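Enquirer: Dropping a structure here in structure tokens format, bear with me for questions.
The values are calculated or read from the model by the stated rules, or taken from the named source; none is laboratory data. No experiment lies behind these values; they were computed from the predicted model shown. Every residue, glycine among them, receives a Cβ derived from its backbone with ideal geometry; neighbour counts consider all protein chains shown. SASA here: full protein model, heavy atoms, side chains in, ligands and nucleic acids out. Shrake-Rupley method; radii C 1.70, N 1.55, O 1.52, S 1.80 Å.
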Amino acid sequence: MKATTGFCSFVKDKSTNLSHSTKHSKQYDKNVIICCSRNKITGLQRCLLLEDIVVVHAYTDTAYNRSSFHFAGGPSQIASIASDLVSRVFDRVSGRILESDAETDNDSSAHPTVGLVDHIAVMPLEYTQEINTKGLKEEGRAAIESSPFSHTPSALIALQIGQTIKARHSDQQILYYGDAHPSKTSLATIRRDFTDFFRPSSNASTRPSVSIITIGAPTHGFVENYNVRLHSKCPRKLATTLTKRIRMESNGKVEALTLAYSHGRHEVATNLLEPSVYSAEQVQAVVDDWELGNGQALVECGYRVGTTVEQCLEAILATGHERIAHDDQVRQQQERYLRCN
């Protein structure tokens, strides 16, 4: 099944898991991915006409103090749920963020972030240049349509989310990227030029700032995330050779970053910018070849952090008992993440 128009949004932030009590306040990094779609398939049309929305995936990694939530639904649902969730994060967490920071040691495995809400990405289930503001709130639609540059559907939703957040929390600095940026500037460039994300020696890269959010729509469409966790016997210097190898072999189709993980381990975190051109399987093949070339077992595991287009479509098309079973599975999986990390 194929969506003729679709969107996905990813939010990464430093915050308390909203489903847990304040005793988890040290776990303050959260990512949210939100997907939405419209197409000619009867099932999807029905879901979107009913303003349906579904949690596709929920992930928590306590070693990095982060969680991610992936939603699928229509444009108005996506814009609404993303802005509402972010507002709840600010309302419930920002007031005690300094206290939780004071209690938290400088963890060498802290995941880089630009703010309390680090990242919101709106991505299509199928890339399209069609401009359609139907379903967005009137005030957001008017502001977007008066903008001097054109937008993809994903960018329209990203801008709606950013404007809604700004209206509710005027102290927030919204940094747009990709198709939501006038120059289509990439997320990596925004992070590098305007934040401390890539400066691990800076306190701001590992401690959340309440006042900065990156929001955008990746230029090439749906981005997949794939991480490679290495054994503790693999030093950082060697780990960086894998990072560079993945960048080189993918010819710029994959972004890769070496990160410290727990218990002396490292990870290579990757963003697959065009997964239909360079897939997670191809990344893993590079990893396998790199490990073989080093003559020892260095890789602990390779795993997806996010979702795929197929997973989003399957989730939103599920109805009745299938949807109930899906929701139960997502909840139970996140509970396992919380226990095993």
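Enquirer: If I ask for residues that are modelled with pLDDT of 85 or more and farther than 28 Å from Glu314 by Cβ, which ones from the range 57-88 would you list?
Expert: Correct list: Ser87 only.
Enquirer: Considering each residue of the range 247-279, count those that are crowded, with 20+ Cβ neighbours inside 10 Å, touching a residue at least 40 places away in the same chain (Cβ under 8 Å) and part of a loop (DSSP other than H, G, I, E, B), and give that number.
Expert: Final tally of qualifying residues: 3.
Enquirer: Based on this model, can you work out whether Arg207 counts as closer than 29 Å to Glu267 by Cβ, part of a loop (DSSP other than H, G, I, E, B) and at pLDDT below 90? Step through it out loud before you land on a result.
Expert: Details: closer than 29 Å to Glu267 by Cβ: yes; part of a loop (DSSP other than H, G, I, E, B): yes; at pLDDT below 90: yes.
So Arg207 passes the test.
Enquirer: I'd like the full set of residues that are outside any loop (DSSP other than H, G, I, E, B) and open to solvent by 20 Å² or more (accessible area, probe 1.4 Å), limited to the range 176-187. Even if it seems obvious, please write down each step before you answer.
Expert: Just the residues of the range 176-187 that are outside any loop (DSSP other than H, G, I, E, B), to begin with: 176-178, 187.
Matches in the range 176-187: Tyr176, Leu187.
Enquirer: Let me ask something additional. Criterion first (closer than 30 Å to Leu242 by Cα, surrounded by fewer than 18 Cβ atoms within 10 Å (Cβ to Cβ), in contact with a strand residue (DSSP E or B) (Cβ under 8 Å, 6 or more places away or on another chain) and at pLDDT 95 or above) does Gln284 satisfy it?
Expert: Working: closer than 30 Å to Leu242 by Cα: yes; surrounded by fewer than 18 Cβ atoms within 10 Å (Cβ to Cβ): yes; in contact with a strand residue (DSSP E or B) (Cβ under 8 Å, 6 or more places away or on another chain): yes; at pLDDT 95 or above: yes.
In short, yes.
Enquirer: Next question. Of all residues in the range 210-246 being among the β-branched types (Val, Ile, Thr) and outside any helix (DSSP H, G or I), which is surrounded by the most Cβ atoms within 10 Å (Cβ to Cβ)?
Expert: As a first pass, look at the range 210-246 and keep what is among the β-branched types (Val, Ile, Thr): 210, 212-215, 219, 223, 228, 240-241, 243, 246.
Then keep just the ones that are outside any helix (DSSP H, G or I); that gives 210, 212-215, 219, 223, 228.
Values: Val210: 20, Ile212: 21, Ile213: 28, Thr214: 28, Ile215: 35, Thr219: 21, Val223: 21, Val228: 27.
Filtering first and then ranking leaves Ile215.
Enquirer: Need the failing condition index for Pro200 against (1) open to solvent by 40 Å² or more (accessible area, probe 1.4 Å); (2) modelled with pLDDT under 95; (3) outside any loop (DSSP other than H, G, I, E, B), just the number.
Expert: For Pro200, the exception is condition (3).
Enquirer: Identify, from the list Asp107, Asp179, the residue that is out of contact with any Asp or Glu (no Cβ under 8 Å at 6 or more places or on another chain), farther than 15 Å from Ile78 by Cα and modelled with pLDDT of 80 or more. Quick ask: steps written out before the conclusion?
Expert: Values: Asp107 fails: modelled with pLDDT of 80 or more.
Going through Asp107, Asp179 in turn, the sole match is Asp179.
Enquirer: Could I ask something else about it? So for the range 148-171 (the condition being at pLDDT below 55 and either assigned to a loop (DSSP other than H, G, I, E, B) or of a type outside the set (Ser, Thr, Tyr) (or both)), does at least one residue qualify?
Expert: Filtering the range 148-171 down to residues at pLDDT below 55 leaves 148.
In the following step, the residues that additionally are either assigned to a loop (DSSP other than H, G, I, E, B) or of a type outside the set (Ser, Thr, Tyr) (or both) were identified as 148.
Scanning the range 148-171 turns up at least one residue that is at pLDDT below 55 and either assigned to a loop (DSSP other than H, G, I, E, B) or of a type outside the set (Ser, Thr, Tyr) (or both).
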